Amino acid sequence: MTVVMAPVIGSLHGLRVLRPTSVAEVFDLLERYPGAQLVAGATWLMRAPMRAESLEGDFILLAGVAGLDTCTVGDGAEFGAMVTLHRVAVATAGVSSLRALHEAASKAATPALRRMITLGGSIAATSFHASDLVPALLCLEAEIVTDRGLIIRARIPAADSVSCHERLTWRSGNEYSVATVSMSRVTSTGEIRVALGSVESAPRRWTEVEQELAQGPLTPKRAEEVARAHLEGLRPVAAPGIPAEYRLSVVPTVLARAAGRLA
């Protein structure tokens with residue numbers, strides 16, 4: 001493949017590949033090539049043959065687009081869409097309020113893939129429901145900044161809080177989570193945030209569990225009981241080797257583990 005500056009086109013196995021260097025060029029190419037697919041770390045694209053999906057059309061590579069690889073942790077945090085999970089993990093190490101994000105980024109997939117998977121790709125891959133990063137961003141109330149649908153960065157507000165990320169993986173593919181829970185607790189108010197991932201077709205805040213946990217002490221036993229009381233509201237998805245019922249059955253245990261770490 002010949003990698004060239006946009007708007008000149010390279011090729012890969014007969015597919016047209018474009019490499020812009022600015023956000024403005026990205027939008028220009030999207031107008032010129034309707035239906036073109038944006039590519040971040042390309043790990044999901046690389047596995048298309050495993051899903052019996054054919055590769056076709058035009059691809060716009062976001063690697064090298066100026067401004068999408070910024071990474072700042074201080075009074076709050078900000079990560080560009082092209083920041084890899086490895087960089088997120090390194091940048092957030094030792095920051096208690098961002099521990100959920102650190103653990104999600106440092107445990108997801110495999111070491112090699114963590115150097116390729118990007119924050120923006122993790123958010124945008126809606127057909128992949130087992131992202132570890134998204135529940136962590138949800139429980140930290142991250143703001144996703146976009147421009148005409150293109151993910152630019154994620155901003156996490158400063159918070160007086162502690163957080164953690166717990167996951168249960170399946171034995172034959174331990175880079176994928178069966179169930180994940182990201183939880184944070186605001187030190188001053190006791191507010192609890194819980195985000196659930198990998199269980200349903202999309203990660204989400206588990207607000208009904210948050211509200212009930214806030215009404216009493218945060219203990220593993222109580223968290224497990226609260227989770228069991230709200231399982232009927234979940235719509236678990238099945239996958240090869242992972243029945244939907246199994247995902248549902250392990251959620252209380254994963255939530256209890258997270259609660260035990262923040263109690």
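Values quoted throughout were computed directly from the atomic coordinates according to the rules given, and no laboratory measurement underlies them. Quick caveat: nothing in here was measured; it's all calculated off a predicted structure. Here the Cβ positions follow ideal geometry from the backbone for every residue, glycine too, while neighbour counts run over all protein chains shown.
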*Once phi is turned into ³J(HN,Hα) by the Karplus curve 6.51 cos²θ - 1.76 cosθ + 1.60 with θ = phi - 60°, what whole-Hz value does each residue of the stretch 107-117 show in order, with x for glycine and proline?*
10, 5, 6, 10, x, 5, 5, 5, 8, 10, 5
*Ranking Cys71, Cys139, Cys164 by Cβ neighbours within 10 Å, fewest first, what do you get?*
Cys71, Cys164, Cys139
_the stretch 25-33 - phi-based ³J(HN,Hα) in whole Hz, Karplus 6.51/-1.76/1.60, Gly and Pro as x_ = 5, 4, 5, 4, 5, 5, 6, 6, 10
*List the pair-distance distribution P(r) of the stretch 52-101, using every Cα-Cα distance, as the percent of pairs falling in each 10 Å bin from 0 up to the bin containing the longest distance, rounded to whole percents.*
22, 40, 21, 14, 3
*How large is ³J(HN,Hα), in whole Hz, for each residue of the stretch 124-137 in order, when computed from phi with the Karplus curve 6.51 cos²θ - 1.76 cosθ + 1.60 and θ = phi - 60°, using x for Gly and Pro?*
7, 6, 5, 7, 10, 8, 9, 5, 7, 5, 4, x, 5, 5
*asked:* With 10 angstrom as the radius, rank Val209, Val145 by how many other C-beta atoms surround their C-beta, starting from the fewest.
replied: Val145, Val209
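On a full-extension model of 0.36 nm per residue, what is the gain between His230 and Ser188, subtracting their alpha-carbon distance, rounded to one decimal in nm? List each step's numbers first, then the result.
Details: separation 42, 0.36 × 42 = 15.12 nm, distance 2.70 nm.
Working it through step by step, the gained length comes to 12.4 nm.
Run the numbers on the chain and let me know its relative contact order in percent, using alpha-carbon pairs under 8 Å that are six or more apart.
Details: 544 pairs, mean separation 35.4, N = 263.
The value is 13 percent.
How much length is gained on full extension from Asp28 to Ala214, taking 0.36 nm per residue of separation minus their Cα-Cα distance?
Values: separation 186, 0.36 × 186 = 66.96 nm, distance 4.85 nm.
Gain on stretching Asp28 to Ala214: 62.1 nm.
Counting other Cβ atoms within 10 Å, which trypsin sites (Lys or Arg not before Pro) in the stretch 117-165 have at most 13 and lie in a DSSP loop? Before the final figure, lay out each step's value.
Values: sites: Arg148, Arg153, Arg155; in loops: Arg148.
Hits after loop and neighbour filter: Arg148.
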*Please give the direction-averaged projected area of the C-alpha convex hull for the stretch 56-146, in square nanometres with one decimal.*
6.6
_Residues whose placed amide H lies under 5 Å from that of Gln37, excluding near-sequence neighbours_ = Asp58, Phe59, Ile60
*Solvent-free Debye scattering, log10 I(q)/I(0), computed from the Cα coordinates of the chain at q = 0.13, 0.16 Å⁻¹*: -0.85, -1.17
*What residues from the stretch 95-110 fall in the zone where the backbone N is under 19 Å from a label point 7 Å along the Cα-to-C-beta line of Glu143?*
98
